[in-house]
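> Structure in structure tokens, see below.
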Amino acid sequence: VPDVFCFTVMGQPDLERALLLSQQKKGKGLFQCPTYAVFGQANMTPVTHPLPTLAFGVAKGGRWGTALNTPVFKTIWQKVQKMPEALAHAFTVKLDPDTVFMPERLASLLPPVKLKSFLVNCNEGLHGPIEVVSREAIKHLDWDLCGKIPEEDIWLQSCLQRVGALPVTAFPALLWERGCKPRLEGTCGAYNVAYHPRKTIPEWWSCYGQASQFPLTADWKVYRNKNCPPGVGGKSLAGVPEPYSTAMSPTACMQKCQSIADCQGIVVEDNHDPSTCFLRSGLDDMSHCFMSPANSLWVKRQVWNATTAISATTVETTTTTTTTTATTTTTTATTTTTTT
């Protein structure tokens with residue numbers, strides 16, 4: 001898990017408390033962060049920072065009928081800016097309670113610590129279900145410059161831009177959200193950092209379980225934004241179509257590779273499900289592979305250990321997660337801004 005401080009706001013206890021308690025009980029999502037906070041009006045678990053005088057109820061409106069919640073979050077962001085436990089970490093992550101969060105996947109998307117920056121998680125800009133802001137950006141925020149914007153995520157982006165924070169593109173890898181483009185067709189089966197919205201306990205854990213199935217085991221390593229076509233760092237498999245599939249889940253692509261002895265790795269569209277699936281051999285020297293922002297190269301560990309390392313790229317080691325999943329069917333709603 002990277003060096004992050006995470007927080008959420010329990011603005012609707014009747015709807016969100018049980019969901020957060022479920023995550024807390026198993027130590028997942030927000031509760032995996034090195035340091036975390038839960039803001040709420042009442043002094044009840046899992047709230048760590050009660051704010052009894054703050055009015056959490058907000059109206060809805062605007063183009064999408066979403067929460068006009070800037071006043072609530074302005075107060076909370078101002079408190080976070082002054083919290084020693086927040087400033088002790090390189091990045092702050094704000095989460096909605098109904099966001100499925102896999103913090104161990106975040107590291108490869110983070111810019112250098114010393115940059116005044118934030119991650120852009122949607123083609124339309126900063127999107128509320130997960131907001132990742134660097135310590136340097138938080139330290140320089142001037143709340144008088146933000147403008148009068150009723151939606152918190154648009155308001156926060158304005159705050160950050162007006163103090164010169166660098167927007168770092170991180171979609172769709174950071175957030176699986178059907179309100180953003182590309183409009184992902186699957187449920188929770190790719191290697192994203194966060195998935196939203198999952199408003200009930202069965203939905204949340206079903207999504208977490210699906211996301212945890214990829215990769216299948218810890219015996220794979222990922223090169224984000226990398227491709228190895230035949231003759232350029234890799235080889236196609238004899239008798240196997242190229243690509244193997246144009247619409248296959250990343251998990252199924254990996255399973256197919258595992259079933260073929262000569263298959264050393266796969267190339268899939270980064271964080272897409274379904275995805276185009278390429279099966280690869282000949283990965284003995286990957287120095288000829290090239291940067292490809294739309295792809296991720298997954299390589300079997302035993303192959304990776306024997307290959308030439310690729311310079312100037314992020315190599316991410318996967319970890320095995322044991323999860324109890326719910327069997328309830330997940331229903332995905334379309335949304336475009338935070339509703340907390």
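> If the cut-off is a Cα-Cα distance under 18 Å, which lysines reach Lys26, setting aside same-chain residues fewer than 8 apart in sequence?
Counting by Cα, and skipping residues close in sequence, Lys26 has these lysines nearby: Lys199.
> Determine, from the Cβ-Cβ distance of Asp285 and Arg183 and an R0 of 51 Å, the FRET efficiency 1/(1 + (r/R0)^6), rounded to the nearest 0.05.
Approximately 0.85, to the nearest 0.05.
> Any chance you could look up the accessible area of Lys79 with a 1.4 Å probe, heavy atoms only, rounded to 10 Å²?
90 Å²
> Continuing with the same structure: Are there GluC sites (Glu not before Pro) in segment 175-235 that DSSP marks as loop and that have at most 16 other Cβ atoms within 10 Å, and which are they?
Of the GluC sites (Glu not before Pro), the ones in loops of segment 175-235 whose Cβ has at most 16 other Cβ atoms within 10 Å are Glu185.
> At a 1.4 Å probe radius, which order do Tyr191, Tyr244 fall into by accessible area, largest first?
Reading off the accessible areas and sorting them downward yields Tyr244, Tyr191.
> Related question: Tell me, what % of the accessible area of the chain is carbon and sulfur with a 1.4 angstrom probe?
With neighbouring chains kept in place, the figure for the chain is 53 percent.
> To continue, here is another question. First obtain the Kirkwood hydrodynamic radius of the chain from its Cα pairs, then insert it into the Stokes-Einstein equation at 25 °C and 0.890 mPa s, and state the resulting D in µm² per second as a whole number.
118 µm²/s
> So what is the relative contact order for segment 77-229, in percent, with contacts set as C-alpha pairs under 8 Å and at least six apart?
Working: 228 pairs, mean separation 38.8, N = 153.
So the answer I get is 25 percent.
> If you look at just the Cα atoms of segment 101-225, how large are its Rg and its Dmax in Å?
Answer for segment 101-225, Rg first and Dmax second: 15.7, 50 Å.
> What FRET efficiency comes out for Asn43 versus Leu68 if R0 is 30 angstrom and r is the Cβ-Cβ distance? Round to the nearest 0.05.
About 0.70, to the nearest 0.05.
> A further question follows. Quick check: from the Cα gyration tensor, does segment 198-265 come out rounded (a/c under 1.5), prolate or oblate?
Values: a/c = 2.45, a/b = 2.28, b/c = 1.07.
Prolate.
> Net charge within 11 Å of His272 by Cβ-Cβ distance, Lys/Arg positive one each and Asp/Glu negative one each, not counting His272 itself?
Charge balance near His272 sits at -3.
> Put +1 on the Cβ of every Lys and Arg and -1 on every Asp and Glu Cβ in the chain; which of Met248, Phe278, Pro172 then has its Cα farthest towards the positive end of the dipole?
Comparing the listed Cα positions along the dipole, Pro172 ranks first.
> Using the structure shown, list the pairs from Lys94/Lys181; Lys114/Lys235; Lys139/Lys300; Lys82/Lys226 with a Cα-Cα distance above 32 Å, or answer none.
With Cα atoms farther than 32 Å apart: Lys114/Lys235; Lys139/Lys300; Lys82/Lys226.
> Right, something else. Zone of Asn123 (label point 7 Å along Cα→Cβ, backbone N under 16 Å): which residues in segment 166-196?
169-186
> I need the trypsin sites (Lys or Arg not before Pro) found in segment 129-161, filtered to DSSP loop residues with at most 10 other beta carbons within 10 Å of theirs.
The qualifying sites are Lys148.
> Could you tell me the calculated FRET efficiency between Gln255 and Glu85, based on Cβ-Cβ distance and R0 = 56 angstrom, to the nearest 0.05?
The pair Gln255/Glu85 has a calculated efficiency of 0.85.
The values are calculated or read from the model by the stated rules, or taken from the named source; none is laboratory data. On a predicted model such as this, the values are computed, not experimentally measured, just so you know. So basically every Cβ, Gly included, is an ideal-geometry build from the backbone, and we count neighbours across all protein chains shown. Areas reflect the complete protein model, heavy atoms only, side chains present, ligands, DNA and RNA absent. Shrake-Rupley method; radii C 1.70, N 1.55, O 1.52, S 1.80 Å.
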